[in-house]
Amino acid sequence: MVLAVLDKQLLLLPLTKWFLLIIILIPARTLANPVVPTFRTGSQTTNSTSQSIINETISSYQYRTGYTYSASGNNIKSNDANGYINPTPSQDATQTINNVNFSFTSPTLETVPRWQIVTEGSPFSLQETIIAPGLDTITNISRTINTTTTVTVESTFGQ
């Protein structure tokens, strides 16, 4: 019985090959419909947003490259025979701060003028100021800049 079923299947195998070949070679009619849009008009809106954040630090260093000496008062005069009232400048010096080289002139403090009272027993006043050279001020500014940009594109179309 098994042999009879096998003989039938072997007989059908060549027929199946011919049947598949015929189906492939016969052109079939396609029934596809063309795609036609059903809209007449429309619009489309697109939004695009971008944001940037900038962190910025600004450091500024101001250097005084010379000295300042001032004196003022009432009922006083210089002890110098010639009336000289300025200290003698010392030799220039060089300094480096934060990779910035600068040179400056300092006063010789031993040559700061000596003062005497003009009329003894009368009221007097004396004010002396010496501002030495060097780093004068440091300014640090830190800021954050936030920038947001929004672009809107609107398209209108029709058929």
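Laboratory data are not the source of any read-out in this text; all were calculated from the coordinates shown. Because the structure is a prediction, the values reported are computed rather than measured. Note that we place each Cβ from the backbone using ideal geometry, even for glycine, and neighbour counts take in every protein chain shown.
A compact table of results
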| quantity | calculated |
| --- | --- |
| Neighbour cut-off at most 15 other Cβ (10 Å), DSSP loop, chymotrypsin sites (Phe, Trp or Tyr not before Pro), region 103-159 | 124 |
| Linear extension gain, residue 126 paired with residue 103, 0.36 nm per residue minus alpha-carbon span | 5.1 nm |
| Candidates per chymotrypsin sites (Phe, Trp or Tyr not before Pro) in region 44-102, loop by DSSP, up to 12 other Cβ within 10 Å | 84 |
| Where Rh is the Kirkwood radius over Cα pairs, Rg/Rh for region 63-134 | 1.14 |
| Residue-by-residue Karplus 3J(HN,Hα) for region 68-75, coefficients 6.51, -1.76, 1.60, Hz, glycine and proline x | 10, 10, 9, 9, 8, x, 9, 6 |
| At R0 = 41 Å, FRET efficiency that the Cβ-Cβ distance of residue 36 and residue 144 yields, to 0.05 | 0.15 |
